[in-house]
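A.B. asks: Shown below is the structure under consideration.
Bear in mind that the values in this text are calculations on the coordinates, not laboratory data. Predicted model, so just to flag it, every value in this text is computed and none were measured. A quick note on method: Cβ atoms are made from the backbone with ideal geometry, for glycine too, and the neighbour counts reach across all protein chains shown.
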Amino acid sequence: MNRRDYLFRKIVFGLITLCIVVTIDFFLFRVLPGDPVRAVIGRNVRISKENQQALREQFGLDKPIFPDQFFDTLGQWVHGNLGISWSLRRPVGEVLISKLGSTLLLISLGQIFSIVLGIALGLFAGWKRKKAVDVGALTFSLIAWATPTFWLGIILLAVGSSLFGLPTGGSVDPANVNKTFFENLPDIARHLILPTLTFTIVYLGEYMLIMRSSVLEVLGEDYILTAKAKGMSNWQVMRKHALKNAMLPIVTLIALNLGFTVSGAIYVETVFSYDGLGKLFQDALAKQDFPLLQGAFLLLAVSVIIANMLADILYTYLDPRVRQT
Amino acid sequence: MRVGWMGKPDTLNPAYAFLTESYIIFDLIFNPLVTEAPDGKYVGALAKEWKHSDDGLTWTFTLKDNIKFHDGTPVTADDAAWPINAVMKDPEGWSTLANYVAGFKEVKAIDAKTVRITLDNPIGNMEYRLSFLYALPRKDFEQFKTAEDLQNFNNDKAIGTGPFKLKQFDKDKGVLILDANPDYFDGPPKIDQIIFQTFDNSDALVQALKAGDVDMVTEVPQSAFATVKGFANVKAVQTPGRYFVEMIINSVAADHDPKPTRNPALEDPQVRLAIAHAINKKDLVDVVLQDLGKPATTIVPPILGGGFWHNGDIKDVEFDLAKANQILEDAGYKMGSDGVRAKDKVKLEFRLQYPSDNPLYPRAADLITGWFKQVGIKATPQSVNPDALTAAITPAGDYDLVLWGWGPDPDPDFILSVMTTEQFVEGGWSDSGYHNPQYDELYKKQQQTANPDERQKIIWQMQEMVFNDRPYIVIWYEDILQAYRSDRFKGFIESPLGIESQASLMQAEPVK
């Protein structure tokens, strides 16, 4: 099979997965206990029973879930319309896009740092197996991996704000919000330090551990011995033979993680009151804002599927065996 | 000044605002005719003075001088009258304010300075109702043709008459900035600017106060209050609040449709009395609430109307386990070998449910279960999703005992309505199923009693009914917990209205 067919097959499978996920999500939200109208208005004494009913009709909740609500929603989506958020009373697409930027910034910085550091640390630890460096790095990674995100976040927040005067919340100072992105860059960066650090530490451990064991496995292979026998230096062996092979599990892990990072972002964003998608998802769930939830999960599903497709494609470059099957 | 809080306004459009945060901002940027003062009395906001006819059907308000909108337009009586008319004409569109104009017949600007309101029947809480009807610029709101258009309007360039004017509101970015209004008719505030910052995490909010990122916190979490008290340069403020926690006893009529599902022993007034004797409210306040409140008696908290509406004559049922035992014994509930009393095979076994979103309830339930055990009542504590619990209560009536809370309005009308029979329907506010025709009658009567002393008498009587029939055993009243940086600001008024109220922020000033 050539690469084009392979890609085509992956895209078709991706689309099928997407349809299934979206359908499951639709029904999943609707079997949640509770009444979205009540959730939107809270225990508000000012809303009469008549108004609650009007709201219910406006949301389309007076109709049966299947087929009416389901096909109404599907019809909207086919027209590229994600609906109107009940709690924010704004188009879902618009809301998602407005929050996407800051979350992408946070996630990508966190991932880049944790991937680069994790790989470097794992490689180094694997190489210096059983030396003090290895033991130290291993201990650190195990602890980092096991630490709950929100706990680490709160500790870093307390330390960072008391000792280094770093901001306690937000993605930018509210007084600066009217300035342009570039004028605000120093302020945005200051607000990013603690959340990014939290993100990095939490994911660093996992990458390091996988990289280390992967390196150890590769180093035991015959071709490494052969390479050494050819008289290559340790560094050359690492770079030319070990690294490339040891990278395969990491690529899988990164692709898998891309989906989970958004959920990880929920913790980090909540701790640091960081204005992004994670926080939006949490609010949407708490308020049972179905259109927003569906939009959010659509975005999540699409990003996970794309990440996995990218990983598959990357595999074809990293591992010739995949290309040939 | 920077204010840190855990929420943000849902909209600045009074026609359709739900959240407390919205009303905090309305209080600062808008003015109604009259408003609640820190002592619970009503004072003129836009109105210099007002009077009503002897029959209570005609109210006349005279406006103060030099009132201007933030854009400089002078405010006339018409600007105060038209929003009230708009609400009356389109109750569906102005749905959050519609309740306040029920019973209004006509609102008219007689001349540039006088507003006259005529009523269909006397209204007991006229001033309270008017305190939510703000003067608004006509042109901002009259453009909307349908209720939906009106409600979708976010009013994020809100123009009002208040001591602060909106500089910027961007809900997406979570930005809310108010500037002082130098032309305010009662003199400008001493604080130049207020920036509101939303936090998603209460620990971070407390840390922000400590680090000085914010100057005021409108709601300090109960668990953090002791810590905040210890901060340098921070004044922690504890004032009696309106919020209370109660034990709901299933009081749904036996012939209600659908039929209530409960332990029938709860229908016995002696069992209810014994339950009341077996709850140590003082211990609950000390241990669970960490002393951040007071033991409670009635559904009308002591601070409403500055203490005017709360029936202080009601003497609480004392905590006395021996007495509780005796009452049950006398009522024929004999102790079984398993330590649970029973009469005619009806065992005193109850579900004790509470919503899962409040960390205080499980601890309270634990203590209560322990006391109950000593009098031969077996309670099974159970944490339930709040929405599921609501569904189990109304309309199903499927519960025995429930711990939950209410935050009543400044006027007792709302919390009294919770106990009326007609509210026990899906979407209604009753969660006890209390049904007492005499109470319902009194409820209507207090609504139409314009004389405060007479209304007080009725309301006291209603509290007594609820206290004696025990659809609720009100357990505690919670204090409002706030804090501010005393090294930066001073002069706040500590009252049930909160240090962020208009009255308080008009007094507050930076520390030089």
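A.B. asks: Please state the charge dipole magnitude for chain B, taken about the Cα centre, from unit charges on C-beta atoms (+1 on K and R, -1 on D and E), reported in debye and rounded to the nearest 20.
C.D. replies: Here the size comes out at about 780 debye.
A.B. asks: Hey, another quick one. If one takes the longest principal axis of the Cα atoms in chain B, at what angle in degrees, from 0 to 90 and to the nearest 10, does the Cα axis of helix B:77-89 lie?
C.D. replies: 40 degrees
A.B. asks: Tell me the label-point distance for the pair A:Asn234, B:Thr118, using the 7 Å Cα-to-Cβ offset, in nm and rounded to one decimal.
C.D. replies: 10.0 nm
A.B. asks: In deg cm²/dmol, rounded to 500, what helix-only [θ] at 222 nm does chain B give when every DSSP H run of at least 4 residues adds -39500 (n - 2.57) and the total is split over its residues?
C.D. replies: -7500 deg cm²/dmol
A.B. asks: Which residue, chosen from B:Val175, B:Pro221, B:Pro163, occupies the Cα position most advanced towards the positive end of the dipole of region B:142-234, where the dipole is computed from +1 (Lys, Arg) and -1 (Asp, Glu) charges on Cβ about the Cα centre?
C.D. replies: In region B:142-234, that residue is B:Pro221.
A.B. asks: Could you identify which residue out of A:Gly165, A:Gly153, A:Gly278 has the top mean-square fluctuation in a GNM of chain A using Cα springs shorter than 10 Å?
C.D. replies: For chain A, modelled as a Gaussian network with Cα springs under 10 Å, the answer is A:Gly165.
A.B. asks: Among B:Pro32, B:Gly212, B:Thr369, whose Cα sits farthest toward the positive end of the charge dipole of the protein assembly as shown (+1 at Cβ of Lys/Arg, -1 at Cβ of Asp/Glu, about the Cα centre)?
C.D. replies: B:Gly212
A.B. asks: Nothing charged except the Cβ atoms of Lys and Arg (+1) and of Asp and Glu (-1): what's the magnitude of the dipole of chain A about its Cα centre? Round to the nearest 20 debye. The partial results should precede the final answer.
C.D. replies: Values: 30 positive and 23 negative charges, 190 e Å.
Roughly 920 debye for chain A.
A.B. asks: Which of rounded, prolate or oblate describes chain A when judged by the alpha-carbon gyration tensor and an a/c cut-off of 1.5?
C.D. replies: The shape class here is oblate.
A.B. asks: Estimate the FRET efficiency between A:Glu94 and A:Gln282 by the formula 1/(1 + (r/R0)^6), using the beta-carbon distance for r and 22 Å for R0, to the nearest 0.05.
C.D. replies: With R0 = 22 Å, the Cβ-Cβ based efficiency is 0.70.
A.B. asks: Quick one: compute the contact order of chain B, relative version, from alpha carbon pairs under 8 angstrom and 6+ residues apart, as a percent.
C.D. replies: Details: 1088 pairs, mean separation 99.3, N = 512.
Relative contact order of chain B: 19 percent.
A.B. asks: Just to be sure I understand the rule: take each whole DSSP H helix in chain A, project its Cα atoms onto its long axis, keep it if the span is 27 Å or more and its mean Kyte-Doolittle hydropathy is at least -0.5. Which ones pass?
C.D. replies: A:3-30, A:92-127, A:181-219, A:243-271, A:290-318
A.B. asks: Now, a different point. Under the classification rounded if a/c is under 1.5, otherwise prolate if a/b is larger than b/c and oblate if not, where does the protein assembly as shown fall, given a ≥ b ≥ c as square roots of the Cα gyration tensor eigenvalues?
C.D. replies: It comes out prolate by the Cα gyration axes.
A.B. asks: In peptide A:84-91, what is the residue-averaged number of other protein chain Cβ atoms found within 10 Å of each Cβ?
C.D. replies: 3
A.B. asks: May I pose another question? Tell me whether region B:47-157 comes out rounded, prolate or oblate; compute the Cα gyration tensor, take square roots of the eigenvalues as a ≥ b ≥ c, and use a/c under 1.5 as the rounded threshold.
C.D. replies: Taking the square roots of the gyration eigenvalues as a ≥ b ≥ c, region B:47-157 is oblate.
A.B. asks: Run the reach check for B:Lys345 against aspartates and glutamates, Cα to Cα strictly under 18 Å, same-chain hits fewer than 8 apart removed. What comes back?
C.D. replies: Result set, ordered by chain and number: B:Glu267, B:Asp268, B:Glu329, B:Asp330, B:Asp400.
A.B. asks: Right, something else. Put +1 on the Cβ of every Lys and Arg and -1 on every Asp and Glu Cβ in region A:95-286; which of A:Gln111, A:Ile210, A:Thr147 then has its Cα farthest towards the positive end of the dipole?
C.D. replies: A:Ile210
A.B. asks: Between B:Val474 and residues 5 or more places away or on another chain, which pairs have amide H atoms under 5 Å apart, with H built 1.01 Å from N, and which residues are they?
C.D. replies: Residues meeting the criterion, in which the H sits 1.01 Å from N, are B:Met247.
A.B. asks: Next up: Please list, in order along region B:233-240, the HN-Hα scalar couplings obtained from phi with the Karplus expression 6.51 cos²θ - 1.76 cosθ + 1.60 (θ = phi - 60°), rounded to whole Hz, x for Gly and Pro.
C.D. replies: Result, ordered by residue: 6, 10, 9, 8, 10, 10, 10, x Hz.
A.B. asks: Label points 7 Å out from Cα along the Cβ direction at B:His256 and B:Ala226: separation in nm?
C.D. replies: 3.9 nm
A.B. asks: For A:Lys228, list the lysines whose Cα falls under 22 Å from its own Cα; do not include residues on the same chain fewer than 8 positions away.
C.D. replies: A:Lys128, A:Lys130, A:Lys131, A:Lys240, A:Lys244
A.B. asks: A further question on this structure: Compute the angle between helix B:360-374 and the longest alpha-carbon principal axis of chain B, please, reported from 0 to 90 degrees and rounded to the nearest 10.
C.D. replies: In chain B, helix B:360-374 runs at an angle near 30 degrees to the longest axis.
A.B. asks: Give, as a single signed number, the net charge of other residues whose beta carbon lies under 12 Å from the beta carbon of B:Leu284, with Lys and Arg counted +1 and Asp and Glu -1.
C.D. replies: Every neighbour counted, the sum reads -2.
A.B. asks: Then there's this: So if I place +1 on the C-beta of Lys and Arg and -1 on the C-beta of Asp and Glu, and nothing else carries charge, what would the dipole magnitude of the protein assembly as shown be about its Cα centre? I want it in debye, nearest 20. List each step's numbers first, then the result.
C.D. replies: Numbers: 82 positive and 97 negative charges, 733 e Å.
Rounded to the nearest 20 debye, it is 3520 debye.
A.B. asks: When only C-alpha pairs under 8 Å and at least 6 residues apart count, what is the relative contact order of chain A, in percent?
C.D. replies: Contact order relative to length: 28 percent.
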